[in-house]
Amino acid sequence: AGPELGPPARPRGRLMEPPRPAELLLLLSCPAFRAHFARLFGGEAAEQWRFASAAPDDEVSEEEEEDQLRALGWFALLRLRPDPEEEEAAAEEERGPAVAVAPLGAVPKGTPLLACGSPFGAFCPDIFLNTLSRGVLSNAAGPLLLTDARCLPGTEGGGVFAARPAGALVALVVAPLCWKAREWVGLTLLCAAAPLLRAARAALGRLGPGTHALAALLPPEVGVPWGLPLRDPGPPWAAAAVLVECGTVWGSGVAVAPRLVVTCRHVAPREAARVLVRATPPKSATIWGRVVFATQETSPYDIAVVSLDEDLHGVPLPVLAERFHEGEAVSVVGFGVFGQACGPSVTSGILSAVVRVGDTPVMLQTTCAVHGGSSGGPLFSSRTGDLLGIVASNTRDNDTGATYPHLNFSVPITVLQPGLRRYRQTGDLGGLRELDSAAEPEKVVWRLQRPLTEAPRSKL
Amino acid sequence: MARQWGPSMRAAEKAGCVVSASRAGQAEAGSWSCSGVILSRCPDLVLCHGGIFTPFLRAGSAALTAAGAAFLPGDSCGDDLRLHVQWGPAAASPAGRAERGRPGLCTPQC
């Protein structure tokens with residue numbers, strides 16, 4: 001959760017309302033969600049993905065896991081048995097819809113979201129009921145949404161709300177924990193609320209006269225206030241990442257000029273190699289280019305620069321940052337997780353460390369979730385939209401093989417700025433070539449070694 | 001920024017609930033539970049995740065992936081299904097009712 005949340009909305013530990021008996025009206029699913037789920041997580045990819053919703057200490061049998069997967073995109077509509085006392089006491093304005101629903105697509109990628117669920121369900125509601133978690137909308141494929149708000153088992157079915165439209169229900173939690181190739185991805189799978197409630201309305205209409213009237217009680221979608229654009233464009237930098245393909249290798253990149261894309265050397269390692277760059281929809285242009293510069297293997301900076309055959313239109317060109325503020329809110333945009341099957345994902349966090357050699361920043365660390373495929377992608381200041389750095393890697397523990405998405409390393413854009421500026425103005429690569437002769441302390445930092453406090457003395 | 005989240009936090013607080021499913025007469029077998037959203041009041045309608053209903057499906061989880069199944073009526077689960085929904089004071093109380101809920105307190109006329 002971000003530190004800026006307001007005062008707690010409620011003191012914890014107050015008396016819960018007594019459990020109320022309910023009846024199941026229907027089980028429903030959103031066909032479009034299931035279709036996108038099958039496209040992104042089915043087929044060949046199915047082997048790689050796992051969505052755990054059992055409590056951590058539960059051994060889950062194969063059969064149980066299959067049951068969970070089958071039920072993943074299903075929801076239940078319940079009607080509570082009337083409580084005469086409550087019915088009597090409820091004033092007129094308390095009857096009817098209890099939430100407002102955001103239309104599908106009203107919340108763009110990168111928008112802050114608030115997830116509200118009860119970890120471990122009814123296990124200990126006095127303590128865990130309505131626990132909040134904040135993140136952003138990381139990606140969307142139709143009604144299938146992803147957020148980097150941290151959620152735990154038991155929060156399935158919990159609501160996810162937007163700040164704009166204020167307090168609108170955007171989605172419900174489908175799977176709090178997603179594992180790709182046995183690594184926790186740090187994203188929560190959601191189903192958009194609007195299409196789900198449309199499906200519920202349609203189903204109630206088909207179940208018979210008794211339930212027909214209930215369809216009218218389901219919450220409406222929030223209209224867009226007059227004069228505002230139909231679609232909130234979202235933060236412009238969310239569309240700045242491009243997909244970079246070099247032979248069979250692909251990764252992310254960012255355009256710093258209409259014909260200049262920066263990415264990582266391990267994405268486009270060979271100078272003069274041909275590269276295909278894809279901008280993100282809706283202006284998804286595909287343009288060829290050529291690697292004009294790639295650092296040597298010995299350089300601490302894993303950077304490559306691509307010159308495009310034609311201008312990249314419609315992709316916002318970021319302002320390059322000159323300063324870094326530890327603790328500031330940042331966002332990473334990259335094609336990790338889904339690669340080319342989906343547009344780039346946005347994840348949020350803070351700038352957790354600026355590692356310097358002397359006074360010069362040589363490495364940035366963030367708490368955003370960064371996955372394989374995000375390399376070369378942009379790191380932005382969420383507040384200003386300035387480009388802070390180029391994502392180079394996340395962290396892998398060589399002993400256990402575990403990967404830590406939320407500890408990652410970026411090359412500060414200030415390291416690249418002089419060389420990029422010189423190349424753009426004169427076509428001379430000299431400034432960029434200086435990256436190949438970075439000083440030893442910079443190498444030590446990027447090898448994640450402890451800096452030597454003093455040069456070891458010779459024993460001769 | 002804090003102000004930005006006020007309405008969302010209130011909405012989440014009011015709509016949030018937990019749902020538990022158990023078998024009639026088998027309390028000791030434990031229950032399945034998840035989170036949910038209160039959609040409307042009087043009548044109270046709640047939307048929650050379907051995963052906790054799988055053990056109760058008459059035709060088993062295969063019913064969920066049967067071709068063309070977009071929804072299943074309530075009676076696709078067995079008669080022994082017992083459901084309970086619980087929420088916090090913010091969701092229950094129009095102003096004042098939560099106070100009413102505290103036995104032993106009163107406001108004597110003076």
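The values are calculated or read from the model by the stated rules, or taken from the named source; none is laboratory data. Not measured: the values here are computed from a predicted model. As a convention, Cβ positions derive from the backbone with ideal geometry for all residues, glycine included, and neighbour counts pool all protein chains shown.
A few comments on the model shown:
- Failed criterion for A:Leu172 (all others in (1) of a type outside the set (Val, Ile, Thr); (2) under 22 Å from B:Asp44 (Cα atoms); (3) over 19 Å from the mean Cα position of the chain (by Cα) hold): (3)
- Residue check, A:Gly314 in a loop (DSSP other than H, G, I, E, B), in contact with a Lys or Arg (Cβ under 7 Å, 6 or more places away or on another chain) and closer than 16 Å to A:Pro235 by Cβ: yes
- Selection status of A:Phe123, surrounded by fewer than 21 Cβ atoms within 10 Å (Cβ to Cβ) and touching a Phe, Trp or Tyr at 6+ places or on another chain (Cβ under 7 Å): no
Each row is one residue, and each column tells you yes or no for (1) within 29 Å of B:His84 (Cα to Cα); (2) within 18 Å of the chain's Cα centre (by Cα); (3) more than 8 Å from chain B (Cβ to nearest Cβ).
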site: A:Pro119; (1), (2), (3): yes, no, yes
site: A:Ile127; (1), (2), (3): yes, no, yes
site: A:Val136; (1), (2), (3): no, yes, yes
site: A:Gly157; (1), (2), (3): yes, no, no
site: A:Pro176; (1), (2), (3): yes, yes, yes
site: A:Lys180; (1), (2), (3): no, yes, yes
site: A:Leu187; (1), (2), (3): no, yes, yes
site: A:Cys191; (1), (2), (3): yes, yes, yes
site: A:Arg198; (1), (2), (3): yes, no, yes
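- Test: residue in region A:149-158 that is touching a helix residue (DSSP H, G or I) at 6+ places or on another chain (Cβ under 9 Å), free of Cβ contacts under 8 Å to residues at least 40 places away in the same chain, assigned to a loop (DSSP other than H, G, I, E, B) and under 27 Å from A:Asn394 (Cα atoms): yes
- The set of residues in region A:67-117 that are assigned to a helix (DSSP H, G or I), in contact (Cβ under 8 Å) with a residue 12 or more places away in the chain and more than 7 Å from chain B (Cβ to nearest Cβ) contains only A:Leu69.
- Only residues that are within 15 Å of A:Leu432 (Cβ to Cβ) and not in a strand (DSSP E or B) were counted across region A:270-297, and they come to 4.
- Scan of region A:118-148 for residues that are in a strand (DSSP E or B), touching a strand residue (DSSP E or B) at 6+ places or on another chain (Cβ under 9 Å) and not hydroxyl-bearing (Ser, Thr, Tyr), ordered by number: A:Leu132, A:Arg134, A:Gly135, A:Val136, A:Leu137, A:Asn139, A:Ala140, A:Leu144, A:Leu145, A:Leu146
Rundown of residues vs (1) at the interface with another protein chain (Cβ under 7 Å from one of its Cβ atoms); (2) surrounded by fewer than 23 Cβ atoms within 10 Å (Cβ to Cβ); (3) touching a residue at least 60 places away in the same chain (Cβ under 8 Å); (4) not aliphatic (A, V, I, L, M), yes/no style:
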| site | (1), (2), (3), (4) |
| --- | --- |
| B:Ser8 | yes, no, no, yes |
| B:Arg23 | no, yes, no, yes |
| B:Arg41 | yes, yes, no, yes |
| B:Asp44 | yes, no, no, yes |
| B:Arg58 | no, yes, no, yes |
| B:Ser61 | yes, yes, no, yes |
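- Any hit, region B:23-45, residues being among the small types (Gly, Ala, Ser), closer than 30 Å to A:Glu94 by Cβ, at pLDDT 90 or above and assigned to a helix (DSSP H, G or I): no
- Selection of region B:7-22 for residues being closer than 14 Å to A:Leu132 by Cβ and modelled with pLDDT of 90 or more yields B:Ser8, B:Met9, B:Arg10, B:Ala11, B:Ala12, B:Glu13, B:Lys14, B:Ala15, B:Gly16.
- Once region B:82-101 is narrowed to residues that are within 7 Å of chain A (Cβ to nearest Cβ) and out of contact with any Gly (no Cβ under 9 Å at 6 or more places or on another chain), the residue that is modelled with the lowest pLDDT is B:Gly101.
- Filtered by the rule that a residue be crowded, with 23+ Cβ neighbours inside 10 Å and not in a strand (DSSP E or B), region A:237-263 gives A:Trp237, A:Ala238, A:Ala239, A:Ala240.
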